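Q: Quick one: this structure, given as structure tokens, is what I'll be asking you about.
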Amino acid sequence: MQIKNVGVVGCGFMGSGIAQVCAQSGYETVMRDMNSALVERGMNVIKSNLSRDVEKGRITESRKDEILSRLKGTTDLRDFRGCDFVVEAVTEDMRLKKEIFSSLDSICSKHAIIASNTSTLSITEMGSVTKRPGQIVGTHFFYPVPVMKLVEVVKSLSTTEETLNTAKAFGDSLGKTVVVAKDTPGFIVNRLFIPYIIDAIRVYEAGLASREDIDNAIKFGLNYPMGPLTLLDFAGIDTFYYAACTLYEELGEPRFCPPPLLRRMVQAGHLGRKTGKGFYDYTK
Ligand SMILES: NC(=O)c1ccc[n+]([C@@H]2O[C@H](COP(=O)([O-])OP(=O)(O)OC[C@H]3O[C@@H](n4cnc5c(N)ncnc54)[C@H](O)[C@@H]3O)[C@@H](O)[C@H]2O)c1
């Protein structure tokens, strides 16, 4: 299937990044959030990313305008009627995702593929609320989407080979490296990544080292671009927490169990950079 028009649901960290790379890659792109302030916030993130690319000489001003001309923001899901491929990137909550899949199923044309950017939830379960389970697939991008090269394409129990191949070709067309994973909790990356981050929180919680020393130890000892606590603040503590809960619930292994400190931080609204406070303070 030839993809021309792409829809993205959710204009947060991931949705805005996915919409940006789609528009950059030549797709007419519409992105939706719950109200116009949230849509505008996502659009502003994209504009400032592209302006930075212009400043750094990576793209020209006219290329920036051309990319933006392919992007449209909306609060109305009915604007997805003409989309060939839709990526859902709303909050990591199965109830909400199912509601959106059900609405998209009734709005989108018959040939459209609906994908989820979920980090951990079941693609099979999302597909079960639609009349097109064969055309439901996972496309798991990484933050920040314009920079990170990977997309995990996830095949549910019902995803057809044709849908899988279209999703893989879509990922390729965005300049990403595509890996294929089964519909298992955490797919490939989070299955390996979540226990590592949980251990870092446990080390901090037990007072074994300061947050700076934990981050520096990993950054300079293992040559990772960022320490685990900085990374958590960067990617969103709530998002990570929900992901860990899902893996723990589904797999029952203690290594996926969210530590009490993580839970408390979510309860306190200390969600990292997006709320100004996480393991570090960003208010100053
Ligand atoms: N943050 C990461 O590093 C990361 C990486 C890979 C995948 N993911 C996954 O991507 C998804 C989104 O994560 P995020 O970090 O962008 O979260 P986020 O909180 O930054 O953004 C979620 C957005 O969804 C919007 N939303 C909620 N309900 C909606 C609805 N009914 N219609 C339209 N928009 C709605 C919210 O207003 C918000 O703007 C989650 O499933 C998450 O697990 C996140």
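Q: Calculate how steeply helix 94-107 sits against the longest principal axis of the alpha-carbon atoms of the chain, using the helix alpha-carbon long axis, and give the answer as 0 to 90 degrees to the nearest 10.
A: Roughly 10 degrees between the two axes.
Q: How compact is the chain by the rule of thumb for globular proteins, expressed as Cα Rg over 2.2 N^0.38 Å?
A: 1.00
Q: Something else now. Using 0.36 nm times the number of residues separating L192 and D93, minus their current alpha carbon distance, what extension gain do you get?
A: That works out to 33.5 nm of additional length.
Q: Let me ask something else. Report the FRET efficiency, 1/(1 + (r/R0)^6), for T177 and V129, where r is their Cβ-Cβ distance and R0 is 45 Å, rounded to 0.05.
A: 0.90
Q: To the nearest 0.05, how large is the calculated FRET efficiency for S48 and K149 if R₀ is 30 Å and r is the Cβ-Cβ distance?
A: The formula returns an efficiency of 0.90 here.
Q: When each pair of different Cα atoms in region 189-275 is counted once in the 1/r mean, what is the Kirkwood radius in angstroms, to one decimal?
A: Roughly 13.1 Å, rounded to one decimal.
Q: Where both partners of a DSSP beta bridge lie in the chain, what percent of those bridges are antiparallel, to the nearest 5?
A: 20
Q: Here is a follow-up. Would you calculate the separation in nanometres between label points at D281 and H111, each defined as 7 Å from the Cα along the Cα-to-beta-carbon direction?
A: 5.7
Q: OK, next. To the nearest 10 degrees, how steeply does helix 36-55 sit against the main Cα axis of the chain, on a 0 to 90 scale?
A: Taking the Cα atoms of the chain, the angle to 36-55 is about 80 degrees.
Here, each number is a calculation from the coordinates, and none is a lab measurement. All figures in this text were calculated on a predicted structure; none of them were measured in a lab. Glycine gets a Cβ as well: all are built from the backbone with ideal geometry, and neighbour counts include every protein chain shown.
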